[in-house]
């Protein structure tokens with residue numbers, strides 16, 4: 001009986017302490033709503049923020065309280081209210097602040113009074129940046145994106161409005177999430193986030209990472225580095241006066257303290273700069289609030305505008321922190337009109353948390369075991385920003401639809417519906433787009449499927465001087481097995497019409513999530529065999545399509561091939577840290593092949609095809625032989641941090657370089673193997689974001705042969721040359737080097753690849769370039785084997801052309817040939833690095 005009384009007491013206590021609610025509306029003097037105004041209990045950081053309709057709701061204990069409301073550009077309002085059980089209404093009608101201009105005599109040619117204030121703020125910037133050694137708080141985060149307009153087609157594809165989640169007019173909420181995250185920080189850079197709850201409309205993780213934007217930093221990261229890798233210069237950065245002009249708009253008083261409203265004006269376009277307003281308090285020169293804007297004229301990428309509004313409040317008389325922050329985003333491109341916002345509301349600041357030993361570890365973000373299982377009543381009780389009408393509707397409808405789908409997922413009718421609703425396979429799919437079909441079934445209270453795919457036949461057509469026209473058929477079937485396991489069977493049949501050779505092979509791949517001790521990881525086993533055709537350089541420096549173009553149009557056959565009967569067993573372990581271990585044993589019966597056709601589209605009697613045997617290695621014979629080769633490699637990046645989910649850990653990244661170590665052994669005498677060699681390599685690579693100075697990438701490697709008693713051409717160390725106009729293997733190639741001229745079995749070699757991406761530096765001062773947002777890139781590639789075998793090239797280029805294209809001009813200094821100058825086209829820039837081709 002006693003335990004029931006205790007439970008009842010606890011429930012009553014909870015209701016008494018937190019069951020009272022005040023709600024209301026914040027408007028201006030004309031009755032118009034003030035979105036994202038700050039409402040808080042005086043003397044604390046406990047409070048809320050209004051939604052776009054100016055509505056707020058605040059849970060509060062009973063008793064007498066002073067409620068404060070503030071909004072940028074309006075006079076702070078304070079009202080006393082006696083809180084009783086239940087719901088009470090408290091509205092605020094805000095009045096614009098009455099600006100006063102200080103009596104300052106400005107002589108002819110003198111400067112605005114704002115400059116003196118900004119100089120004081122710059123002097124205090126470092127102090128406020130370093131003022132807090134450690135703290136904890138909670139952040140409520142709401143992300144909402146709404147579509148206002150949708151085109152009928154995009155890149156030739158018809159837009160399915162229903163699939164996008166918008167109505168027939170192209171309007172609707174396409175993304176909505178909310179979360180509650182606990183933040184813990186300790187200088188200099190220790191951070192830990194605990195996601196207490198999170199949800200996304202229709203299901204999903206939502207957005208739970210607080211958007212940390214500090215204008216006390218010299219270089220401000222606005223939401224994502226992809227929006228501008230260089231970052232943005234703060235209006236109170238050390239060198240801000242070089243980039244900004246300022247104007248004092250006026251002074252208002254709040255709690256007896258003067259607050260200066262200063263207009264921030266960029267001096268030049270095409271620099272990473274803000275415009276708008278920053279509010280600075282007198283005497284202590286701290287940030288009171290901000291209303292700052294980024295646009296495409298000031299190096300904002302992808303979006304049309306990004307607006308950042310912050311309100312800072314005192315946590316103690318000496319320390320102010322951000323109370324709420326709203327980031328508005330607008331995007332109007334390609335017929336899409338999209339707007340959205342991320343609202344961060346910070347509460348419960350503790351400046352002396354006294355963290356236990358080893359509290360900060362490699363886990364930067366951890367999700368509570370029940371983060372996605374909260375009921376609607378929970379969200380209604382903790383949400384500081386009331387949902388808008390369309391957001392309430394979106395949560396209700398999409399969550400109901402998702403629940404209905406989950407409830408019916410195991411039914412036979414649902415599986416039949418999924419099966420029938422697949423798009424029928426058409427002839428054009430088989431020939432050009434690729435075809436696929438799923439076979440649905442139920443397992444463990446969820447829907448699983450097996451997938452059958454067929455790569456497009458016409459895109460798989462190839463041409464080379466060895467095989468002539470090649471038909472390559474590549475179907476695959478993937479089986480979804482219990483326990484997050486997967487089995488993939490991928491046969492391949494290839495026929496050359498000129499040499500009439502039929503090559504067929506099959507690869508069977510088995511994948512599983514497997515634990516090693518207490519750590520999870522992913523294992524991949526591959527068993528393959530058959531007859532295939534391979535390039536001498538297994539890195540495949542020239543792809544099939546580029547080779548076809550050069551062979552048929554320019555009569556230049558750069559791809560050099562051999563056939564082989566083979567069998568291979570490969571193992572890969574991807575560790576929880578994202579490190580990768582690879583090991584494999586491969587047997588090849590290598591067979592030389594010759595050119596069998598000289599067909600070209602444009603006849604050119606002045607040119608002749610080169611033999612299939614690399615002419616640069618003409619003195620090294622290649623005859624039929626057997627090779628049994630063992631390979632092992634390890635790639636690791638120290639210092640990884642993690643995001644920890646209830647059932648797994650995911651690597652989040654590291655500030656340290658990535659290392660690669662590999663070893664190959666040619667095993668002589670087993671299974672008739674003729675080869676006998678030992679080959680090693682070591683490399684380190686990294687990409688460093690230098691903010692305003694751009695980004696620097698490099699790859700440095702070394703390797704060689706401990707033993708080269710018998711190493712055939714496929715076993716040589718080949719340097720990835722490039723004799724075509726096209727290149728995407730940056731940092732792992734030499735853009736003007738021949739493919740096989742420098743191949744070696746030397747005991748030691750070294751390579752170095754480096755390039756600097758200016759990301760708008762310099763070009764933002766060149767007319768036309770600054771409008772196009774084309775960026776400079778420059779660097780050098782080199783390798784050294786010995787005095788008679790080395791190569792150096794330097795290059796400079798333009799990238800970010802149409803966001804994806806890169807063009808380089810290169811000068812190559814070769815030890816075995818004259819200096820060459822050439823042009824290469826590839827993919828680079830904001831989106832270019834994401835382009836991948838698989839043919």
Out of all DSSP beta bridges with both ends in the chain, state the antiparallel percent to the nearest 5.
95 percent
Acute angle (nearest 10 degrees) that the helix 2-18 long axis makes with the longest principal axis of the chain, alpha-carbon atoms
80 degrees
Can you tell me the orientation of helix 114-130 relative to the chain, as the angle in degrees between its alpha-carbon axis and the longest Cα principal axis, to the nearest 10?
70 degrees
Taking 7 Å along the Cα-to-C-beta vector as the label spot, tell me the residue 53-residue 379 distance in nanometres, rounded to one decimal.
1.6 nm
Cα-based helix-to-principal-axis angle, 389-407 vs the chain, degrees rounded to 10
50 degrees
Give me the extension gain from residue 191 to residue 265: residue separation times 0.36 nm, minus the current Cα-Cα distance, reported in nm with one decimal.
23.2 nm
Applying 1/(1 + (r/R0)^6) with R0 = 41 Å to the Cβ-Cβ distance of residue 406 and residue 605, what FRET efficiency is obtained, to the nearest 0.05?
0.05
What is the spin-label model distance, in nm, from residue 486 to residue 725 if the labels are put 7 Å beyond Cα along the C-beta direction?
3.8 nm
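Shape call for segment 114-401 from the C-alpha gyration tensor, a ≥ b ≥ c root eigenvalues: rounded (a/c under 1.5), prolate (a/b greater than b/c) or oblate? Mind dumping the intermediate values first?
Working: a/c = 2.00, a/b = 1.26, b/c = 1.59.
Here segment 114-401 falls in the oblate category.
Order these peptides, 483-491, 540-548, 35-43, by their mean beta-carbon neighbour count within 10 angstrom, highest first.
Values: 483-491: 14.4, 540-548: 18.6, 35-43: 20.6.
In decreasing order of mean packing, 483-491, 540-548, 35-43 become 35-43, 540-548, 483-491.
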Ranked by Cβ crowding within 10 angstrom, fewest neighbours first, how are 164, 559, 428 ordered?
428, 164, 559
Rounded to the nearest 0.05, FRET efficiency between residue 44 and residue 396 (Cβ-Cβ, R0 41 Å) equals 0.80
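Every number in this text was worked out from the coordinates using simple rules, so none of it is lab data. Since this is a predicted model, take the numbers as computed values, not measurements. Here Cβ is always computed from backbone atoms with ideal geometry, including for glycine, and neighbour counts include all displayed protein chains.
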